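As structure tokens, the structure follows; a few thoughts come after it.
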Amino acid sequence: MDWLTNLIWHDGSLFGIQWHTWKVIGWLGNLIFFSRFFVQWYATEKRKRVVVPTAFWWLSLVGSLLLLSYALFHDRDSVFIFAYAFTWIPYIRNLVIHRRHAAAHLTCPSCGTQCPPHSRFCLACGTRLTAGEGMVSG
């Protein structure tokens, strides 16, 4: 059992890694960025079609910013910095698009169902919708 202890904790390092604040930030960025895979997989399985939920873009943004900060302030590797320097742009753009799309949905005045933008009739009860009424505030 001593070999297992040495494998996990040896010479003040856990799994052979000397841990400090920036190392934790870097690994946390990796963990968050990788977790988006599970979020997207779960959403796709739940709806039985390819779905990219908002949480995917938030995890992408936070994970890439943590990895960029690690690259800038600890590693200072130009390849690593450039790899994450501009990834936040499409993540923020997709979040903006999602917010605008969600805000454009119409609420049925009869039953309260959220209907897609530009719908003429409620999907649930068939009530006629007008563009001015039932707009969800963003």
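For the reader, a short list of remarks on this structure follows.
- Scan of segment 42-59 for residues that are assigned to a loop (DSSP other than H, G, I, E, B) and under 12 Å from the mean Cα position of the chain (by Cα), ordered by number: Val52, Pro53
- Thr54 satisfies every condition listed in (1) exposed (fewer than 13 other Cβ atoms within 10 Å of the Cβ); (2) in contact (Cβ under 8 Å) with a residue 40 or more places away in the chain; (3) among the polar types (S, T, N, Q) except (1).
- Qualifying residue in segment 112-130 (condition: aliphatic (A, V, I, L, M), out of contact with any Pro (no Cβ under 9 Å at 6 or more places or on another chain) and part of a helix (DSSP H, G or I)): no
- The residue of segment 1-41 that is modelled with the highest pLDDT, among those that are in a loop (DSSP other than H, G, I, E, B) and under 31 Å from the mean Cα position of the chain (by Cα), is His20.
- Out of Arg99, Arg93, sole residue that is over 12 Å from the mean Cα position of the chain (by Cα), surrounded by 12 or more Cβ atoms within 10 Å (Cβ to Cβ) and not assigned by TED's automatic domain parsing to the domain that holds Phe121: Arg99
- Test: Thr21 is within 30 Å of Gly126 (Cβ to Cβ) and among the β-branched types (Val, Ile, Thr): no
- Some residue of segment 75-90 being surrounded by 15 or more Cβ atoms within 10 Å (Cβ to Cβ), part of a helix (DSSP H, G or I), among the hydroxyl-bearing types (Ser, Thr, Tyr) and without any contact (Cβ under 8 Å) to a residue 24 or more places away in the chain: yes
The values are calculated or read from the model by the stated rules, or taken from the named source; none is laboratory data. Here the structure is a predicted model, which means the values were calculated and not measured. FYI the Cβ positions are ideal-geometry reconstructions off the backbone, even for glycines, and counts take in every protein chain you see.
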